[in-house]
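Engineer: Quick one: this structure, given as structure tokens, is what I'll be asking you about.
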Amino acid sequence: MAVKGEAVTAAPPTENQWRRLLIRLAFGWQMALDGVMANRLRSVITVVGVMIGVGSIVSLMAIGEGARLAVVQQFEALGTNVIRIESHHRRALFTHEDAYELVDRVDGVEAAMPVLKARALVKWRRTVQRDTPILGVTEAFPYIRDHELAAGRFFGHLHVDRRLRVAVVGWNLVDRLFGGRNPVGQRIYIGGERFSVIGVLKPKGAGLADDIDDRILIPVTAAQRLTTSLRVNEIWAKASSREAVDVAVVQISRIYRLKFNLRPTGEGQEEEPGGEDPGFPGGPEPPWIYDPWGLSDLVSVEPPRPMTGAGGRPLVVSVTSLNELVQEADQANRIL
């Protein structure tokens, strides 16, 4: 009988109770083993079916997670808090001032640079590489794209300001163009003009960071002189934080909407409905091909990449947050 105020504790199991429990467990295992041995074929088929089911689920989850991480890694290799302003029509090509003004006019933007994409014939001694991707950038590239160098140094503001012919090569070109030799200090010919190699980028991996491992980086002013193009087709900007990216995207969209007389869409900016192409702003369109020696593949500027927005209408300018692309890709892969 329990007395009020006293704690009641259960008595520990006795030796007989432990013996009965072990006998029950042994008897249960014996019955299960007898059942399996009596129906061997059915038991084997059941075990194989369970193994296939579990293996299929694990494989599908592993493939999905691997695909998600690969896509996220591909976007993150482009840099963090990066905003990409891209022209998709010749009526909306950018100038240097468009890039530099973003730092002063847009809250949260710490750095911005014009980008000129081209392709050229590259030669080092007897090695010739045709249609090599060339990227004209400024000294802000390593900071904006979070990209370090494996050897040498990156060009500075003086190189860009004076249009000096210097180059930084991607990792894959060390073997492909230089045969594994140290390219720093070597002289190469890009589009018939001699450039000095001053650095090598660290590898990002195949297909990552817009195939930066296969590109040659030169000052954007030298790229403009090489291609005789006064304008650029992209601007890359970097915000101070993830929170500042969304605000900066809205402000940049408004700036170029007014500049090129565009109307907003859900994905960027597109042409005014019913509007006619006003032609190249500020004068005649520059030639897309520069060919002083009569070779059509010597140097060529990559034309604007066509892109459609909501309703299938062609976009003129797109303002994209790479952080948003990472989140969308991650979410889509998780759903799959």
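Engineer: On the accessible surface of region 87-240, probed at 1.4 Å, how many percent belong to carbon and sulfur atoms?
Structural biologist: Working: 2760 of 6300 Å².
For region 87-240, the apolar C and S fraction of the accessible surface comes to 44 percent.
Engineer: Ok, one more. Mind checking the per residue accessible area of region 33-159 for me, 1.4 Å probe, whole number of Å²?
Structural biologist: Details: 6840 Å² over 127 residues.
So region 33-159 comes to 54 Å² accessible per residue, rounded to a whole number.
Engineer: Then there's this: How are the Cα pair distances of region 136-259 distributed, in percent, across 10 Å bins from 0?
Structural biologist: 12, 38, 33, 13, 4, 0
Engineer: Separate question: ³J(HN,Hα) across region 179-196 via Karplus (A = 6.51, B = -1.76, C = 1.60, θ = phi - 60°), whole Hz, x for Gly/Pro?
Structural biologist: Working through the residues one at a time gives x, x, 6, 5, x, 5, x, 7, 10, 10, 10, 10, x, x, 10, 8, 10, 9 Hz.
Engineer: For Val250 and Ser43, calculate 0.36 nm times their separation in residues minus their Cα-Cα distance, and state this gained length in nm to one decimal.
Structural biologist: Working: separation 207, 0.36 × 207 = 74.52 nm, distance 6.36 nm.
Here the answer is 68.2 nm.
Engineer: Considering all projection directions equally, how large on average is the shadow of the alpha-carbon convex hull of region 19-150, in square nanometres? Don't skip to the end; give the middle numbers.
Structural biologist: Values: hull surface 84.7 nm².
One quarter of the hull surface, i.e. the mean projection, equals 21.2 nm².
Engineer: Between rounded, prolate and oblate, where does region 18-62 land on the alpha carbon gyration tensor, with a ≥ b ≥ c its root eigenvalues, rounded for a/c under 1.5, else prolate if a/b exceeds b/c? Please report the intermediate quantities before stating the final value.
Structural biologist: Values: a/c = 8.51, a/b = 1.90, b/c = 4.47.
In terms of gyration-tensor shape, oblate.
Engineer: Also, I was wondering about something else. Ignoring ligands, DNA and RNA, how do Arg125, Arg119, Arg91 rank by accessible area with a 1.4 Å probe, largest first?
Structural biologist: Values: Arg125 155, Arg119 75, Arg91 30 Å².
Sorted descending by solvent-accessible area, the residues read Arg125, Arg119, Arg91.
Engineer: How much of Tyr189 can a 1.4 Å solvent probe reach, expressed as accessible area in Å² and rounded to 10?
Structural biologist: So the heavy atoms of Tyr189 present about 100 Å² to solvent.
Engineer: Using the Cα centre of region 90-160 as origin and beta-carbon charges of +1 (Lys, Arg) and -1 (Asp, Glu), tell me which of Trp124, Ala140, Leu93 is placed farthest towards the positive end of the dipole.
Structural biologist: Checked the options; the winner is Trp124.
The values are calculated or read from the model by the stated rules, or taken from the named source; none is laboratory data. Please read these numbers as outputs of a predicted model, since none were measured by experiment. Here the Cβ is made from the backbone with ideal geometry for all residues, glycine too, and neighbour counts use every protein chain on show. Keep in mind that these areas ignore ligands, DNA and RNA; they rest on the heavy atoms of the full protein, side chains included. Shrake-Rupley method; radii C 1.70, N 1.55, O 1.52, S 1.80 Å.
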